[in-house]
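Asks: What follows is a structure written as structure tokens; I'll ask about it next.
Only the coordinates and a few stated rules stand behind these numbers; no lab work does. From a predicted model like this one, the values you see are computed outputs, not experimental measurements. Neighbour counts are summed over all protein chains in view; Cβ atoms, including those assigned to glycine, are modelled from backbone coordinates with ideal geometry.
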Amino acid sequence: EEQLDAEKKALAALKKKMEDAIAELEKKLKKAEAEAADYKKKMEELTKDLAAANKKIAGLEEQLDAEKKALAALKKKMEDAIAELEKKLKKAEAEAADYKKKMEELTKDLAAANKKIAGLEEQLDAE
């Protein structure tokens, strides 16, 4: 009977020890589940933030592409305008050279006419 009492006490102590261990494990499990739920919530928030960031990046890339296209069109327009101005400049330079040549010819003609007038005036004065 003493042995039975000792075994009962040992079993009761073992039962208490196991119940305490189970209670401790349940406490750790609840803590781990709470941490897992918290991490899951944070992961969902980060996933939403990442999706929003990706959407913003896509929008900015579209805007950048549109700006690049607009700049390319503006560059083309400016290059065309420069080419047209260079063409007009060459034409104006050619016209200026023609006018200069004609002016030189007219200046020679005028000098010859003035010389002739002077010669004729001398003849009139001599008579």
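Asks: Quick one: is Gln3 exposed (fewer than 10 other Cβ atoms within 10 Å of the Cβ) and assigned to a helix (DSSP H, G or I)?
Replies: The answer is yes for Gln3.
Asks: Select, from Asp80, Asp125, Asp38, Asp49, the only residue that is part of a helix (DSSP H, G or I) and loosely packed, with under 10 Cβ neighbours inside 10 Å. Lay out the reasoning, then the answer.
Replies: Values: Asp80 fails: loosely packed, with under 10 Cβ neighbours inside 10 Å; Asp38 fails: loosely packed, with under 10 Cβ neighbours inside 10 Å; Asp49 fails: loosely packed, with under 10 Cβ neighbours inside 10 Å.
Testing whether each residue is part of a helix (DSSP H, G or I) and loosely packed, with under 10 Cβ neighbours inside 10 Å leaves just Asp125.
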